[in-house]
Amino acid sequence: MLFKSTRSNVSPVSFREAILHCLPDDGGLYVPASAVDLRQFFLYMDADTSYPELVSTVAPALLEGELNPISAARVAESAFDFEPQLRRLDEHLSVLELHNGPTGVFKDFGIAFLAAMMEELLRGGGRAMTLTATTGDTGSSVARAFAGRAGITAVILYPRGEARGLDPSTFTSAGGNILPIRIDGSFDDCQRLIREAFEDRPFAGRYGLTSANTINVGRLLPQAFYFLYAFIKLKRELTGDFYFSIPSGNFGNLTAGLYAWKFGMPVNGFVAAMNANNSFGDYLRGRKFSPREPVDTVSSSMDVGNPSNFERLASFYAEAPAVMRNMVFPESVDDGETLQAMRRAWKKYGLLLDPHGAVGYAAAERLLTCDLEDGHIVVVSTGSPAKKAELVGKTIGRTVEIPPYLVGLRKAVEPVATIAPRLDALEAVIAGSC
Ligand SMILES: *Cc1c(COP(=O)(O)O)cnc(C)c1O
């Protein structure tokens, strides 16, 4: 499978190229250029197939000619010491828990695969440097996934005041390959600096720069794997329509779910579960998209006014707008409903959800009540309830334990350097560290 730009006026590139130089020259984003049919593989995978087994089966099929089954098994084993959990709640409802990774959010899955895959691609030689801007746990996830990966330096930019949950023994200053830098500025300054770094082609070329943010399709494509995983776990029990309900902010998960469908997963549709930040719903219903200022909600990782995957989804829609409108069902859930849904899930199934998962659950309930007959919905649980232990505990009236590895995420650390938001200052630090 090759990858093309959403703006489509450059010729398709290999996965290697799309991962290692993550932005096409025309300013678009990479998306799969064709669909590989994975249906033959669904026949012999079933509820006993482990996640690394599934990944080592479907990844080489998708990336034929670039990833052989032996390399794929190595990538899967080295990326995933955590797995998605599928829990069947009843005849109509299951939950796909994606918060068992090191930072308790689904983003660990894409980041872990990207890191292991990059190391595999660089086995024959060459070096790369990833740039990530973050205010939160994405930095911890990146630091953990990339630590010790041969040939790669992971630069993580934090705005003023942040930098948490990192292990200093992995830093470049201690002989490792993780380089956290504090930017004397805001998160927007960090993002602007990254943009400047990529736009300066000689600069990007000098360091083999690529991104570990979701603009890198090497983070997005592996998110399709856990949708396939849910399907093979359930396939024997499915008798009717099959849906996923996806708590959405930047719409990466929805985009990846649609890729899984394009690769042959039999699914009837996806609920795009949004909080009060629902401007994207208009677009999904076929109207024009106009971004709005985000408002604060209890599901804060979904407080996005202008989703970064808009361009990827738009290119998907452009191919078959009518089909897409029958595949994606937007729902918007306010904070009050979110907390009530969290309580109901706990009472009815003993299911603990964080506020993001609860938005997905509430949206799934709406689909269930409008007569689904023998259908089945999988709620995608994107975040660990332990990360919002106080709110979840107060809502369900019970203490929620926080496991030690999640407590560690809150610990502030001193980055390797603090610099002004300027490219020359960034270059001075990275040139001295690799
Ligand atoms: C990032 C995040 C989301 C939003 O996912 P998108 O792929 O951006 O739509 C939802 N829930 C949690 C817990 C998140 O961290």
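Things to note:
- Sites residue 318 and residue 169 - FRET efficiency at Förster radius 51 Å, r taken between beta-carbons, to 0.05: 0.60
- By the beta-carbon count within 10 Å of each Cβ, the least crowded to most crowded order of 356, 21, 92, fewest first, is 92, 21, 356.
- Placing unit charges on each Cβ (+1 for Lys and Arg, -1 for Asp and Glu) gives region 197-330 a dipole about its Cα centre, and among 244, 283, 228 the Cα reaching farthest toward its positive end belongs to 228.
- Residues 319, 91, ranked from the fewest to the most other C-beta atoms within 10 Å, line up as 319, 91.
- Inter-centroid distance (Cα atoms) of region 172-187 relative to region 28-67, Å: 35 Å
- The gain in end-to-end length when the residue 37 to residue 49 segment is fully stretched comes to 2.4 nm, 0.36 nm per residue minus the alpha carbon separation.
- For the residues 101, 110, 208, a GNM of the chain with alpha-carbon springs under 10 Å puts the largest fluctuation on 208.
- Helices in the chain, meaning DSSP H runs of at least 4 residues, each add -39500 (n - 2.57). Divided by all residues, the mean residue ellipticity at 222 nm is -12000 deg cm²/dmol.
- Normalised by 2.2 N^0.38 Å, where N is the number of residues, the C-alpha radius of gyration of the chain stands at 0.94.
- With K and R counted +1 and D and E -1, the other residues having a Cβ less than 13 Å from that of residue 325 yield a net charge of 0.
- Here r is the Cβ-Cβ distance between residue 373 and residue 295 and R0 is 45 Å; the resulting FRET efficiency, rounded to 0.05, is 0.80.
- You can think of it this way: the chain between residue 127 and residue 81 has 14.0 nm of extra reach, that is 0.36 nm per residue less the Cα-Cα gap.
- Just checking the listed ones, 179, 86, 193: in the Gaussian network model of the chain with Cα springs under 10 Å, the one fluctuating most is 193.
- Gain on full extension, evaluated as 0.36 nm per residue between residue 410 and residue 241 minus their Cα-Cα distance, stands at 56.7 nm.
- What separates the Cα centres of region 316-386 and region 75-132 is a distance of 23 Å.
- Exceeding the 28 Å Cα-Cα cut-off - candidates 262/347; 235/262; 348/387; 235/388; 347/411: 262/347; 235/388; 347/411
- DSSP bridge pairs, the chain: antiparallel proportion in percent, nearest 5: 20 percent
- Within a Gaussian network of the chain (alpha carbon springs, distance under 10 Å), most fluctuating of 307, 266, 403: 403
Each value in this text was obtained by applying a stated rule to the coordinates, not by laboratory testing. Since this is a predicted model, take the numbers as computed values, not measurements. No Cβ is skipped: glycine too gets one built from the backbone with ideal geometry, and neighbour counts run over all protein chains shown.
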